[in-house]
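Read-outs: derived from the displayed coordinates by stated rules, not from any lab. What you see is a predicted model, and the numbers here were worked out from it, not measured in a lab. We place every Cβ from the backbone using ideal geometry, glycine too, and count neighbours over all the protein chains shown.
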Amino acid sequence: MFDKILLPTDGSEFSEHEVERAIKALADDGEIIILSVASKLSATTPFQSKKTIAKMNAGFLKEAQDNVDRMAARFDERVNVKKMVVKGIPSDVIVDVAEKEDVDLIIISASGKSGLHRFFIGSVAEKVLKSTERDVLLIHN
């Protein structure tokens, strides 16, 4: 059993499978940290509208918050759930949060769907696996 589990979500149907595993792996008085990473765009040319980019970033932030809220709602109210939304690059943020929060386990979904793709894991999951010294449970879908 694990005392502190990081559960990153991108809102995909595959990340929902993580909930079942997290419940089984969590110690009775443990904590689940649900994390969604919001993309952040910045203007790269003078022709890009700062207002449009700000609007898009606000949308990314809302989507990330909705992802976290939707996943948190799947847990029983007796489970200690902490919700986090962070802007940045998903794999970097996941590894950074895992370190800062001193988690015991990261549960992350592979993104392969079928055929040859099922033998490959998603780029975010792969980068997390290669970048952290924390235990990682990779959920195949």
Relative contact order (%) - the chain, alpha-carbon pairs under 8 angstrom, separation at least six: 30 percent
Once you mark the chymotrypsin sites (Phe, Trp or Tyr not before Pro) that are in a DSSP loop and have at most 15 other Cβ atoms within 10 Å, what is the longest gap between them in the chain? 48-119
Here the FRET efficiency for Glu13 versus Ser49, based on Cβ atoms and R0 = 30 Å and rounded to 0.05, is 0.35
Along the positive direction of the dipole of the chain (beta-carbon charges: Lys, Arg +1; Asp, Glu -1; about the Cα centre), which of Val97, Gly59, His140 reaches farthest? Gly59
Check which residues have an amide H placed less than 5 Å from Lys82's amide H, if you skip close sequence neighbours. Ile32, Ile33, Ile34
Using the structure shown, select from Lys24/Lys83; Lys50/Lys82; Lys83/Lys127 the pairs with a Cα to Cα distance greater than 31 angstrom. Lys50/Lys82
Near Lys55, which lysines are there with a Cα under 22 Å away, not counting those fewer than 8 places off in the same chain? Lys40, Lys87
With the chain treated as a Gaussian network of Cα nodes joined by springs under 10 Å, which of Ala27, Ala110, Ala64 yields the largest mean-square fluctuation? Ala27
